Structure formats: C-alpha cells, structure tokens
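Data block below; observations after.
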Amino acid sequence: MAHKCFISFKTEDTAYKEYIHDVLDVDMIDKSLHTPIDSFDEDYIMREIRENYLSDSTVTIFLIGEKSAENTPFENQIFLKRELQASLYDGIGNTKNGILGVVLPNMYDKVYCGNILCNTCGNYHNLIRINDNITVTEFSYNYYIPNDKCAWTEDDRYCVLVKWEDFCVSPELYIDKAFNKRHEQISLKTKVRPR
C-alpha cells in the first residue's frame, strides 16, 4: 500500500529529494517549506505546516546530511525542526506521521560506528550515533526515546533509520515500517518539542 510522504531536507540535499521524487516513484507530497511563517506562536506555526504543507501525508522522510544537525554552526534549523514537530503532532484534525530518517552517503561513517561491547550486559551492540551533532533534537530524541535498558531495539524507537542505498533498493519497505510505527505502543512516548 502506498503512503503519501513529505520530505524534510536541507537545500544542500535537494538532489536526493529530487531523486526520490523523479526516479524512485515514491507517492509523495511535494510541498517543501521555503519561506518562513510570519508568527511567533509555536502552535500556530505547527498547525500551518500541518494544514498547508503536510496535509494528506502519513510519513515524513527526513534526509540526514551534513547540514541536518541541531549543533551545526551557522545553520538555521527552524524549517527542519518545525517540519518534524508538525509531523510528530497528534491532535484534532491531525494525525502523527511516521518518521523515516534516511542517512545520506556522506554521513555513513558518522552514524554507523560498528559494534561495541556493553559493560552492563556483556553483549555486543551496534553503535548508531544519532544525537544533536547528527540530527535535530526532534529526530534524535524520538529515535532514542529514554528508557532504562542498556540498548534500544526497534520496538524502543519511534523513528526508523535506513542508509540511502538500502532505501533506494526498497523505499516502500522502509516507508511502511515508519507508517506502522504510528500504531505501535512506542508512539505514545514520542515528544513533539523535546528538550
């Protein structure tokens, strides 16, 4: 089943967004936010993004590139943050989108860091570096939703993560995974504006 997707991306990653649209034939809503919404009211801004840019979408694809981090110097992340906040918002007339993070090739080495031996359980875990130096907080928090375990399983995460090359092979598989998260228990633990 096709799901309508909204793509959240930095201008530097436009070629990847266009590839998804033109080559992968993903059912997407091509309404990127290019101009600021003239308001300081957070709820109003999110409502405007949901109604005018994200309406009819059920999955937000977040392209994770070199300029996507919360802590990137001299980068204004207001559009990325508001798009993800609006995607996570679940209210009257709005349903929460699934969130699919697609790691672009220039970020593989920064995100996928191999296996580490856990001092708590003695097992090996995959080290996936998703934090405010890689993405905006709206993604990093909802990927690593706080818990008391030594590691996270897929059931402990709301956001889905995939490498660009794997996404290109099976885009609908990963879009379906993000869509299905909307109905899982972990969806009750998401935060729209994490601190």
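Some notes on this structure:
- Electrostatic bookkeeping for residue 75 treats Lys and Arg as +1 and Asp and Glu as -1; over the other residues with beta carbon under 13 Å from its beta carbon, the sum is -2.
- Whole-Å distance, taken between Cα centres, linking the stretch 139-155 and the stretch 88-119: 10
- Within the same chain, lysines fewer than 8 places from residue 189 are excluded, and of the rest, those with a Cα less than 21 Å from its Cα are 81, 96, 149, 177, 181.
- Charge tally around residue 186: other residues with Cβ under 11 Å, Lys/Arg +1 each, Asp/Glu -1 each, net 0.
- Less than 5 angstrom separates the built amide H of residue 161 from those of 101, all sequence-distant by 5 or more or on a different chain.
- Peptides 43-54, 140-151 ranked from most to least packed by the mean count of surrounding Cβ atoms within 10 Å: 43-54, 140-151.
- Sequence-separation-based contact order of the chain, relative, with Cα cut under 8 Å and 6+ spacing, percent: 23
- Computed Kirkwood radius, in angstrom, where 1/r is averaged over Cα pairs of the stretch 5-189: 16.9
Readers should treat all values here as calculations from the given coordinates under stated rules, not as data from a laboratory. Predicted model only: the values in this text are computed from it and were never measured. Reconstructed Cβ throughout: ideal geometry from the backbone, glycine too, with neighbour counts over all protein chains shown.
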